[in-house]
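Q: Attaching a single structure in structure tokens format; questions to follow.
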Amino acid sequence: MKRSGAWVAAVTGLLLAMLAVIAVLLFSLQPARFEWRDPGSRRLLVTAGSVTFYLMLFGLLGWRRSRRDRQRNSQAGDAVLVIHSSQTGHAEQIARQTADALQAVNVPAQLVALELLDAAMLGTARRALFIASTTGEGDPPDAALRFIRQVMMEAPELGELRYALLALGDREYSQFCAWGRRLDEWLQEQGAKPLFARIDVNNADPAALALWRSQLGVFAGHALDHWRQPEVRQWQLIERRLLNPGSAGAPCFHIALAPVSGNSGWEAGWEAGDVLALQLPGDPPVLRDYSIASLPSDGGVHLLVRQTRRADGSLGVGSSWLTQSGEIGGTLPALLRSNSSFHAPDDARPVILIGNGTGLAGLRALLKSRIASGAHDNWLIFGERNAEHDFYYREELLAWHGQGALKQLDLVFSRDGERHEYVQDRLRARAPALREWLERGAAIYVCGSAQGMATGVDDALHEILGAAGVEHLRESGRYRRDVY
């Protein structure tokens with residue numbers, strides 16, 4: 001806006017200067033020589049008039065452009081920033097619902113991913129709504145690390161900002177909603193004032209989400225009746241197959257679910273990297289996310305599910321129904337959730353896929369997507385216990401490797417042989433190949449356990465590439481993780 005104002009002032013000054021020059025030229029002529037019948041005098045008048053006309057026209061167009069720019073900037077400044085910090089897509093989904101609901105009652109709203117938010121944008125904002133997910137044991141989402149390093153460390157003055165914050169978490173973890181709480185504290189330290197108290201959400205608790213919607217209605221001065229609910233549909237269990245008989249680890253199953261045909265007017269659609277959130281019985285109902293291991297062309301959602309047990313030895317609610325108590329043909333409500341931070345690249349660039357255990361699910365979907373699109377520059381590093389018992393989807397992976405669709409396959413079975421090797425160890429051993437792939441523009445995708453595997457892989461990448469190299473990959477979207 002300042003540049004536009006300076007530009008208009010410069011044009012105005014130029015116009016006045018030109019008029020002054022023309023006036024001097026005219027009045028410097030001797031009256032006897034200045035006659036309309038004289039061709040030179042006529043040309044001078046016509047030229048002076050033309051120059052004056054075009055300068056005035058140019059100035060008028062510039063003024064109108066500047067006015068439009070000021071109006072546009074003013075409207076953008078009035079927009080409520082709806083900022084999401086998401087690991088598996090849940091926060092992004094709620095942010096979209098929030099922005100849509102505000103716009104439906106004529107409150108301008110701008111959807112912004114936290115990783116794209118800089119200090120200047122936040123410093124000039126007047127109203128902002130934050131939806132922040134906590135991942136792992138109280139950690140911020142991977143994409144938030146750039147914001148922490150570049151904005152939070154800069155500590156901009158936010159005395160003019162009014163904000164609200166919805167913190168998403170899971171009380172099964174000790175650091176419940178830790179990232180949302182940390183962000184809330186930081187905003188207030190910078191002078192921002194809350195529109196209302198932070199709302200903490202346990203496992204997508206409907207009551208907490210209803211409170212968020214209600215408070216937003218007060219903020220907007222209008223009930224938010226236009227609130228697009230996620231499509232919870234019935235899914236039928238059509239296949240259950242034990243993949244690791246005789247394993248030293250817990251039983252791991254291939255699960256296939258198909259949308260119930262009674263879901264009229266709806267077709268199941270998702271992308272590689274998306275998740276299926278099962279709505280499990282409880283008060284309130286509990287949502288559990290599972291990485292999808294298939295594409296829609298496979299005819300259903302494939303999951304890779306390991307039985308998990310509580311401290312008392314009983315099975316977890318989700319794995320219990322999927323792997324044991326649910327009958328083939330039985331149904332369960334679930335919703336598809338987009339996880340855009342783990343989608344495959346739009347181009348055929350090389351991809352390095354790293355994971356362990358049931359993390360192979362998300363990597364399998366990415367491989368299927370890449371192979372279907374003709375992108376065969378794929379490298380998989382997968383780890384488990386024993387090759388004899390824990391090599392999930394063995395025939396499929398070996399067939400892709402043999403066909404050249406999976407260019408490089410590194411299998412790491414920690415209990416085979418005297419030396420216990422893990423995927424991060426194999427990554428260090430393959431450091432020259434890793435650098436070569438990255439020089440060709442490769443992207444890295446990591447899926448599996450956050451503790452142990454994902455942390456070990458991150459440490460190995462820092463050793464091989466340095467902190468600056470890893471940060472460059474992360475900021476350019478070439479280092480993505482779906483960890484739990």
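The values are calculated or read from the model by the stated rules, or taken from the named source; none is laboratory data. A quick note: this is a predicted structure, and the numbers were derived from the prediction, not measured. Positions of Cβ are generated from backbone atoms using ideal geometry, with glycine treated the same way; all protein chains shown enter the neighbour counts.
Q: Can you tell me which of Ala192, Ala204 is surrounded by 18 or more Cβ atoms within 10 Å (Cβ to Cβ), closer than 30 Å to Leu122 by Cβ and modelled with pLDDT under 95?
A: Numbers: Ala192 fails: modelled with pLDDT under 95.
The conditions single out Ala204.
Q: Exactly one of (1) touching a residue at least 60 places away in the same chain (Cβ under 8 Å); (2) under 29 Å from Gly159 (Cβ atoms) is unmet by Glu185. Its number?
A: So the condition that Glu185 fails would be (1).
Q: Out of all the residues in the range 426-436, is one or more in the same structural domain as Leu360 (by TED's automatic domain parsing), assigned to a loop (DSSP other than H, G, I, E, B) and farther than 30 Å from Phe253 by Cβ? Before the answer, list the steps.
A: Filtering the range 426-436 for residues in the same structural domain as Leu360 (by TED's automatic domain parsing) gives 426-436.
Checking the rest, the ones that are also assigned to a loop (DSSP other than H, G, I, E, B) come to 430.
Checking the rest, the ones that are also farther than 30 Å from Phe253 by Cβ come to 430.
Scanning the range 426-436, I find at least one residue that is in the same structural domain as Leu360 (by TED's automatic domain parsing), assigned to a loop (DSSP other than H, G, I, E, B) and farther than 30 Å from Phe253 by Cβ, so the answer is yes.
Q: Residues in the range 176-210 that are under 25 Å from Leu117 (Cα atoms) and out of contact with any strand residue (DSSP E or B) (no Cβ under 8 Å at 6 or more places or on another chain): how many?
A: Within the range 176-210, residues that are under 25 Å from Leu117 (Cα atoms) and out of contact with any strand residue (DSSP E or B) (no Cβ under 8 Å at 6 or more places or on another chain) number 7.
Q: Please verify whether Glu388 is touching a strand residue (DSSP E or B) at 6+ places or on another chain (Cβ under 9 Å) and either modelled with pLDDT under 95 or assigned to a helix (DSSP H, G or I) (or both), treating the condition exactly as stated. Break it down into steps so the answer makes sense when it comes.
A: Working: touching a strand residue (DSSP E or B) at 6+ places or on another chain (Cβ under 9 Å): yes; either modelled with pLDDT under 95 or assigned to a helix (DSSP H, G or I) (or both): yes.
So Glu388 passes the test.
Q: Same structure again: Collect the residues in the range 394-425 that are surrounded by fewer than 18 Cβ atoms within 10 Å (Cβ to Cβ) and either assigned by TED's automatic domain parsing to the domain that holds Ala272 or assigned to a helix (DSSP H, G or I) (or both), keeping them in residue-number order.
A: Arg394, Glu395, Glu396, Leu398, Ala399, His401, Gly402, Gln403, Asp425, listed by residue number.
Q: Taking the residues in the range 207-233 that are surrounded by fewer than 16 Cβ atoms within 10 Å (Cβ to Cβ) and polar (S, T, N, Q) as candidates, determine which candidate is nearest to Leu315 (Cα to Cα).
A: Restricting to residues being surrounded by fewer than 16 Cβ atoms within 10 Å (Cβ to Cβ) and polar (S, T, N, Q), the top hit is Gln229.
Q: With the requirement that a residue be closer than 21 Å to Phe342 by Cβ and free of Cβ contacts under 8 Å to residues at least 12 places away in the same chain, what does the range 82-110 give you? So that I can check it myself, show each step before the final result.
A: We begin by selecting, within the range 82-110, every residue closer than 21 Å to Phe342 by Cβ; these are 83-97.
Result: no residue meets the conditions.
Q: Moving on to the next point. What strands (runs of 3 or more DSSP E), lying completely within the range 105-169, carry at least 1 residues that are in contact with a Gly (Cβ under 8 Å, 6 or more places away or on another chain) and within 30 Å of Ala223 (Cβ to Cβ)?
A: Numbers: elements: 109-113, 127-133, 162-169.
Here the list reads 127-133, 162-169.
Q: How do the pairs read when you match residues in the range 466-480 that are crowded, with 18+ Cβ neighbours inside 10 Å with residues anywhere that are part of a loop (DSSP other than H, G, I, E, B), using Cβ under 8 Å and keeping only pairs 6 or more apart or on different chains?
A: As it stands, the answer is Arg478/Gly441; Arg478/Ala442, since those pairs meet every condition given.
Q: Taking the residues in the range 437-459 that are part of a helix (DSSP H, G or I) and among the β-branched types (Val, Ile, Thr) as candidates, determine which candidate is farthest from Gly477 (Cα to Cα).
A: Here is the first cut: in the range 437-459, the ones part of a helix (DSSP H, G or I) are 437-439, 450-459.
Restricting the remaining residues to those that are among the β-branched types (Val, Ile, Thr) gives 455, 457.
On the way: Thr455: 18, Val457: 17 Å.
Out of the qualifying residues, it is Thr455.
Q: Please give the number of the condition Val218 fails out of (1) β-branched (Val, Ile, Thr); (2) farther than 24 Å from Pro141 by Cα; (3) part of a strand (DSSP E or B).
A: In the conditions (1) β-branched (Val, Ile, Thr); (2) farther than 24 Å from Pro141 by Cα; (3) part of a strand (DSSP E or B), Val218 misses (3) alone.
Q: Still on this model: How many residues does the range 234-255 hold that are crowded, with 16+ Cβ neighbours inside 10 Å and assigned to a loop (DSSP other than H, G, I, E, B)?
A: 3
Results for (1) among the acidic types (Asp, Glu); (2) under 18 Å from Ala144 (Cβ atoms), shown as yes or no for each residue.
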{"position": "Asp410", "(1), (2)": "yes, no"}
{"position": "Ala443", "(1), (2)": "no, no"}
{"position": "Ala460", "(1), (2)": "no, no"}
{"position": "Glu463", "(1), (2)": "yes, no"}
{"position": "Ser476", "(1), (2)": "no, yes"}
{"position": "Asp482", "(1), (2)": "yes, yes"}
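Results for (1) touching a helix residue (DSSP H, G or I) at 6+ places or on another chain (Cβ under 8 Å); (2) charged (D, E, K, R); (3) in the same structural domain as Arg435 (by TED's automatic domain parsing); (4) part of a loop (DSSP other than H, G, I, E, B), shown as yes or no for each residue.
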site	(1), (2), (3), (4)
Ser320	no, no, no, no
Ile328	no, no, no, yes
Arg349	no, yes, yes, yes
Ile352	yes, no, yes, no
Gly355	yes, no, yes, no
Thr358	no, no, yes, no
Leu363	no, no, yes, no
Lys368	yes, yes, yes, no
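Q: Out of curiosity, is Asp346 under 26 Å from the mean Cα position of the chain (by Cα) and in contact (Cβ under 8 Å) with a residue 12 or more places away in the chain? Lay out the reasoning, then the answer.
A: On the way: under 26 Å from the mean Cα position of the chain (by Cα): yes; in contact (Cβ under 8 Å) with a residue 12 or more places away in the chain: no.
No.
Q: Of all residues being at negative phi and touching a helix residue (DSSP H, G or I) at 6+ places or on another chain (Cβ under 7 Å) in the range 436-458, which is surrounded by the most Cβ atoms within 10 Å (Cβ to Cβ)? Just the residue, please. Working first, answer last.
A: Our first condition is that a residue be at negative phi; within the range 436-458, this holds for 436-440, 442-447, 449-451, 453-458.
Of the ones still in play, those that are also touching a helix residue (DSSP H, G or I) at 6+ places or on another chain (Cβ under 7 Å) are 444-447, 449, 453, 456-457.
Values: Ile444: 24, Tyr445: 24, Val446: 27, Cys447: 29, Ser449: 17, Met453: 22, Gly456: 19, Val457: 26.
Result: Cys447.
Q: Of everything in the range 196-208, what is over 23 Å from Leu161 (Cα atoms) and not in a strand (DSSP E or B)? Give them in sequence order.
A: Here is the first cut: in the range 196-208, the ones over 23 Å from Leu161 (Cα atoms) are 201-208.
The answer is Asn203, Ala204, Asp205, Pro206, Ala207, Ala208.
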